[in-house]
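Structure first, then comments.
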Amino acid sequence: MTTKSKGESTRQKLTTLSKEMGVDYKDLETVFMIERLLARLIVDNHLANHLVFKGGFVGLKIYESPRYTVDLDALLAEANIDETLEKVKQQAEIDLNDGVLVPF
């Protein structure tokens, strides 16, 4: 299955899930995209060890906050910011076969 067709399949599943849950599609899609970005970031050991995630997304996932968020907040701990930013860009572009394409 191509990335494009996988993306269409994912979009259809999110549409169905949105209706079943009574959640706005845009909110569900945003959370899905943030989750997929996070999945890409934490597979890199450097990023997993030096990024500390915080903010609304953590509240949504850990504390089941009813408030949806549109970003992923993180602190950088004991690492070079320029090197880490480059790693973030590289990781965001990897293909996890999930239908998500994040070009930088």
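Around the amide H of Ala74, modelled in the peptide plane, lie the amide H atoms of Lys54, all under 5 Å away and 5 or more residues distant in sequence or on another chain. For the range 57-104, trypsin sites (Lys or Arg not before Pro) meeting the loop criterion (DSSP other than H, G, I, E, B) and having at most 13 other Cβ atoms within 10 Å: Arg67.
Each residue of the range 43-58 is assigned a 3J(HN,Hα), and the resulting list reads 6, 8, 4, 4, 5, 4, 8, 10, 9, 10, 7, 8, x, x, 5, 5 Hz, derived from the Karplus form 6.51 cos²θ - 1.76 cosθ + 1.60 (θ = phi - 60°), x at Gly and Pro. Counted by neighbouring Cβ atoms within 10 Å, the residues Asp98, Asp73 run from fewest to most as Asp73, Asp98. Between Glu20 and Asp95, the contour length at 0.36 nm per residue exceeds the Cα-Cα span by 24.1 nm. Taking a ≥ b ≥ c as the square roots of the Cα gyration tensor eigenvalues, the chain comes out oblate, since a/c reaches at least 1.5 and a/b does not exceed b/c.
In the chain, the longest principal axis of the Cα atoms and the axis of helix 25-42 are about 30 degrees apart. Within the shell of other residues whose beta carbon sits under 15 angstrom from the beta carbon of Val88, the net charge comes to -3, with Lys and Arg scored +1 and Asp and Glu -1. Measure nothing fancy, just the Cα-based angle from helix 3-21's long axis to the longest principal axis of the chain, in degrees from 0 to 90, nearest 10. The angle comes out at about 60 degrees. A cut-off of 5 Å between modelled amide H atoms, ignoring neighbours fewer than 5 places along the same chain, links Ser65 with Leu60.
Taking 7 Å steps out from each Cα toward its Cβ at Glu64 and Arg11 produces label points 3.2 nm apart.
Between the range 1-33 and the range 54-104, what is the separation of their alpha carbon centroids in Å? One Cα centre to the other: 19 Å.
Quick note: the coordinates plus some simple rules give every number you see, no bench work behind them. What you see is a predicted model, and the numbers here were worked out from it, not measured in a lab. Ideal geometry is used to build each Cβ from the backbone, glycine not excepted, and the neighbour counts take in all protein chains shown.
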